[in-house]
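Q: Before I ask anything, let me first share the structure, which is written out below as structure tokens.
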Amino acid sequence: MKPFTFKHFEIQQSKDVFRVGTDGVLLGVLAHIENASKVLEIGTGTGLISLMLAQRNIHAFFLGLDINEDAVALTKANFEHSPFHTRLKNIHQDLKTFQTEEKFDLIVSNPPYFEESESEKDKIARQTVELNFQQLIVSSVQFLSDHGILSVIIPVEVGSSFIATASENHLFLRRKVNIKGIENSKTKRLVLEFSLIEGRIEDSDFVIEKSPRQYSDQYLELTREFHVFKNKS
């Protein structure tokens, strides 16, 4: 498959691993990475999100987990060929059996969100076969540092259940970004951030396109250090 080229790194892709998509890019630019020194990504796919976050925070160190061997191999290659390779590590690991004494200042995930079905297309990456919200939340509570943040991107339809499950496990919503595909449309995705500390919830809107095939100023500003946009003559 054709690689996806960003300004400072390139993502090799594979038909066996979920490709670079808008959700991953959005989490890569929106997650609160500024104060993190140790970051855990759950379900790396191509490694896109960790690479974007490594570019945004030049001091943070990253560990990525994925249960898919093809994804692990692809992420490893993408990490090794990036300018940030000394701060990036990934392993073949099921979150359900992952153990570490380390605590992380940021845990990021673009988790599977479809209930299990007969479809084989991107099954592990898109369906809750190997990882469900409860498992992700319980593990995050275990591995977050005292002031750490869990940052996820999920469809709006499952937002309420994710927030409720997090609250039941003493993980509190602190930030909610309502993502709209186009101006004046309904919210289609949520970036949600949680902390072990209860407090004020920051709520904001984010619009990807101001009109069909025309990125919003908001999107262009946040992605300008990543995307290579072709100049229009």
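Q: So with the 1.4 Å probe, I'd like the accessible area per residue for the chain, rounded to whole Å².
A: 52 Å²
Q: Using a Förster distance of 35 angstrom, determine the FRET efficiency expected from the C-beta separation of His92 and Thr5, and round it to 0.05.
A: 0.85
Q: Mind checking which of Ser160, Ser211, Ile179 is farthest towards the positive end of segment 137-216's charge dipole, using Cβ charges of +1 (Lys, Arg) and -1 (Asp, Glu) about the Cα centre?
A: Ser211
Q: Taking the Cα centroid of segment 64-102 and of segment 189-233, what is the distance between the two, rounded to the nearest whole Å?
A: What the calculation gives is 26 Å, centre to centre.
Q: What percentages make up the Cα-Cα pair-distance distribution of the chain when the bins are 5 Å wide from 0?
A: Pair shares across the bins are 1, 7, 14, 19, 21, 18, 13, 6, 1, 0, 0.
Q: Next question, about the same structure. To the nearest 10 square angstrom, how much accessible area does Leu74 have with a 1.4 angstrom probe?
A: Counting only protein heavy atoms, the figure is 20 Å².
Q: Could you tell me, in Å, what Rg and Dmax come out for the Cα atoms of segment 181-233?
A: When restricted to the Cα atoms of segment 181-233, Rg and Dmax are 14.7, 51 Å.
Q: Could I ask something else about it? Show Phe229, Phe9 ordered by accessible area, largest first, where the area counts protein heavy atoms only and the probe is 1.4 Å.
A: Largest accessible area first, the residues go Phe229, Phe9.
Q: For segment 189-233, give the percent of accessible area contributed by carbon and sulfur heavy atoms, probe 1.4 Å, rounded to a whole number.
A: Answer for segment 189-233: carbon and sulfur cover 47 percent of the accessible area.
Q: For the pair His81 and Lys103, how long in nm is the line joining their label points, each one 7 Å along Cα→Cβ?
A: The modelled label-to-label distance comes out at 3.8 nm.
Q: Further, regarding this structure: Not counting the cut sites, what is the longest span of the chain without GluC sites (Glu not before Pro) that DSSP labels loop and that have at most 15 other Cβ atoms within 10 Å?
A: Here the longest run is 35-100.
The values are calculated or read from the model by the stated rules, or taken from the named source; none is laboratory data. What you see is a predicted model; the values in this text were computed from it and never measured. Using ideal geometry, Cβ is built from the backbone for each residue, glycine included, and neighbour counts are taken over all protein chains shown. Areas reflect the complete protein model, heavy atoms only, side chains present, ligands, DNA and RNA absent. Shrake-Rupley method; radii C 1.70, N 1.55, O 1.52, S 1.80 Å.
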